[in-house]
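Student: Next up is a structure, given as structure tokens.
Values quoted throughout were computed directly from the atomic coordinates according to the rules given, and no laboratory measurement underlies them. What you see is a predicted model; the values in this text were computed from it and never measured. Backbone-built Cβ (ideal geometry, glycine too); neighbour counts: all protein chains shown.
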Amino acid sequence: MNCYAVIDTNVLIAALLSKNSDAATVKVFRAIFDGRIVPLYHDDILAEYDEVLHREKFHFQEKSIQTVLAAVKEFGVEVFPQPTGEILVDMDDLVFYEVAMEKRDEDAYLVTGNQKHYPIRDFIVTPAEMMRILEQR
């Protein structure tokens with residue numbers, strides 16, 4: 001069974017940088033292509049992915065970046081969230097939170113390596129926790 005998830009940018013970066021195919025971030029990334037995770041996105045999320053993936057320090061090839069962006073759009077669902085009024089440590093992360101909140105009635109998750117950037121909620125999970133959730137379904 002598949003599930004909806006907003007994938008924080010740091011998870012994509014870690015997956016693309018990883019040399020370990022068993023890393024939880026890589027498994028989350030693969031789960032998108034396998035159809036087990038349906039990524040939720042908004043134009044602001046795609047814009048952040050695009051901007052961060054193009055940062056010189058990562059040295060990602062353009063083809064890889066375009067593959068990631070195309071996969072999120074092809075396999076994902078665009079969401080137009082309502083404001084939550086939540087105040088986050090980094091307000092640039094608000095769109096990720098609000099997109100997940102918009103689909104909470106459909107059991108959506110927010111997968112991040114930076115849980116401290118978000119309020120403590122049971123649907124905000126690490127990549128390893130997301131993989132355990134998928135395995136239990």
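Student: Return the distance in nm (one decimal) between the two label points of a simple spin-label model at PHE58 and GLU86, each offset 7 Å from Cα along Cα→Cβ.
Tutor: Between PHE58 and GLU86, the simple spin-label model gives 2.2 nm.
Student: Search the structure for amide H atoms under 5 Å from the amide H of ILE124, placed 1.01 Å from N in the peptide plane, and list their residues when 5 or more places away or on another chain.
Tutor: Long-range HN contacts for ILE124: LEU110.
Student: Something else: Using the Cα centre of the chain as the reference point, and only Cβ charges (+1 on K/R, -1 on D/E), how large is the resulting charge dipole? Debye, rounded to the nearest 20.
Tutor: Values: 14 positive and 24 negative charges, 133 e Å.
Result for the chain is approximately 640 debye, rounded to the nearest 20.
Student: Amide H of VAL79 versus every other amide H placed in the peptide plane: which residues, excluding those fewer than 5 positions away on the same chain, fall under 5 Å?
Tutor: TYR41, HIS42
Student: Between ALA100, ALA24, ALA70, where does the largest GNM mean-square fluctuation fall for the chain, given springs only between Cα atoms within less than 10 Å?
Tutor: Taking springs between Cα atoms under 10 Å, the residue moving most is ALA70.
Student: Which residue, HIS117, HIS42, HIS59, tops the fluctuation ranking in a GNM of the chain built on C-alpha contacts under 10 Å?
Tutor: Taking springs between Cα atoms under 10 Å, the residue moving most is HIS59.
Student: Another question, then. May I ask for the Kirkwood hydrodynamic radius of the range 40-120, worked out over all distinct Cα pairs and given in angstroms to one decimal?
Tutor: Values: mean 1/r = 0.0727 Å⁻¹.
Hydrodynamic radius (Kirkwood, Cα only) of the range 40-120 equals 13.8 Å.
Student: Anyone know which of GLU56, GLU74, GLU106 comes out most mobile in the 10 Å Cα GNM of the chain?
Tutor: Taking springs between Cα atoms under 10 Å, the residue moving most is GLU56.
Student: Do you know the relative contact order of the range 71-137, to the nearest whole percent, from alpha carbon pairs under 8 angstrom that are 6+ apart? Please report the intermediate quantities before stating the final value.
Tutor: Values: 54 pairs, mean separation 16.2, N = 67.
So the answer I get is 24 percent.
Student: Let me ask something additional. Kindly list the residues of the range 5-36 that lie in the label zone of GLU74, defined by a backbone N under 17 Å from the point 7 Å along the Cα-to-C-beta vector.
Tutor: 29-36
Student: Mind checking which helices in the chain clear 18 Å along their axis (Cα) and have mean Kyte-Doolittle hydropathy of 0.0 or more, DSSP H runs only?
Tutor: Numbers: long enough: 62-75 (19 Å, 0.24).
Long hydrophobic helices here: 62-75.
Student: Please go through the residue pairs LYS57/LYS103; LYS27/LYS63; LYS63/LYS103; LYS73/LYS116; LYS27/LYS116 and name each one whose alpha carbons sit more than 25 Å apart in this structure. List each step's numbers first, then the result.
Tutor: Details: LYS57/LYS103 34 Å; LYS27/LYS63 20 Å; LYS63/LYS103 31 Å; LYS73/LYS116 27 Å; LYS27/LYS116 22 Å.
Where the Cα-Cα span goes over 25 Å, the pairs concerned are LYS57/LYS103; LYS63/LYS103; LYS73/LYS116.
Student: Okay, next question. Please give the contour-minus-distance gain from GLU106 to ASP122: 0.36 nm per residue of separation, less the Cα-Cα distance, rounded to one decimal in nm. Write down the numbers at each step before the final one.
Tutor: On the way: separation 16, 0.36 × 16 = 5.76 nm, distance 1.41 nm.
That pair, GLU106 and ASP122, stretches by 4.3 nm at full extension.
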